[in-house]
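The values are calculated or read from the model by the stated rules, or taken from the named source; none is laboratory data. This one's a predicted model, so the numbers in the text were calculated from it and none came from an experiment. Ideal geometry is used to build each Cβ from the backbone, glycine not excepted, and the neighbour counts take in all protein chains shown. Quick note on the areas: whole protein, heavy atoms, side chains included, nothing else; ligands and nucleic acids left out. Shrake-Rupley method; radii C 1.70, N 1.55, O 1.52, S 1.80 Å.
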Amino acid sequence: QRTAHRITSPWKWRHLKSVIVPSVQSPPSMLKLHDFCNRAAFILLAQAVVTIDISVAYAMWGAIGIVGTAICGRLFFGQRIKPLGWFGIILILSAILLLNMA
């Protein structure tokens, strides 16, 4: 039986961090690369849930993908994030923090 999902060592987050990179970087226009990145992401997610509860790992994966996409849109394409959008980003990150602390 696993211990509590609260992880104190950053080393245990390595698989979850590596899940996020292929998820955010796989452009839908490149379908083969996208398929490969999705498969890699799920394999790495499977490794992450060995040490992190799936509720935390999957929520973080989704949230960081959403926030990362919004930030990349701002940085690389000059898309404007309205104040309500920034508030939403803060809410998403706060929810993940609360889920991890619960």
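Quick notes
- Flag if ARG14 is modelled with pLDDT of 70 or more, open to solvent by 50 Å² or more (accessible area, probe 1.4 Å) and either farther than 20 Å from ALA102 by Cβ or outside any helix (DSSP H, G or I) (or both): no
- Of residues in the stretch 35-83 being of a type in the set (D, E, K, R) and not in a helix (DSSP H, G or I), the one nearest to ALA102 (Cα to Cα): ASP53
- Residues of the stretch 67-78 classified as surrounded by 14 or more Cβ atoms within 10 Å (Cβ to Cβ) and touching a residue at least 24 places away in the same chain (Cβ under 8 Å), total: 2
- In the stretch 79-102, the residues that are in contact (Cβ under 8 Å) with a residue 12 or more places away in the chain form Cβ pairs under 7 Å with partners that are open to solvent by 100 Å² or more (accessible area, probe 1.4 Å), at six or more places apart or across chains, as follows: ILE92/ILE66; ASN100/ARG6.
Quick grid of which residues meet (1) touching a helix residue (DSSP H, G or I) at 6+ places or on another chain (Cβ under 9 Å); (2) open to solvent by less than 100 Å² (accessible area, probe 1.4 Å); (3) among the charged types (D, E, K, R):
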position	(1), (2), (3)
PHE36	yes, no, no
ALA40	yes, yes, no
ILE52	yes, yes, no
ALA57	yes, yes, no
PRO83	no, yes, no
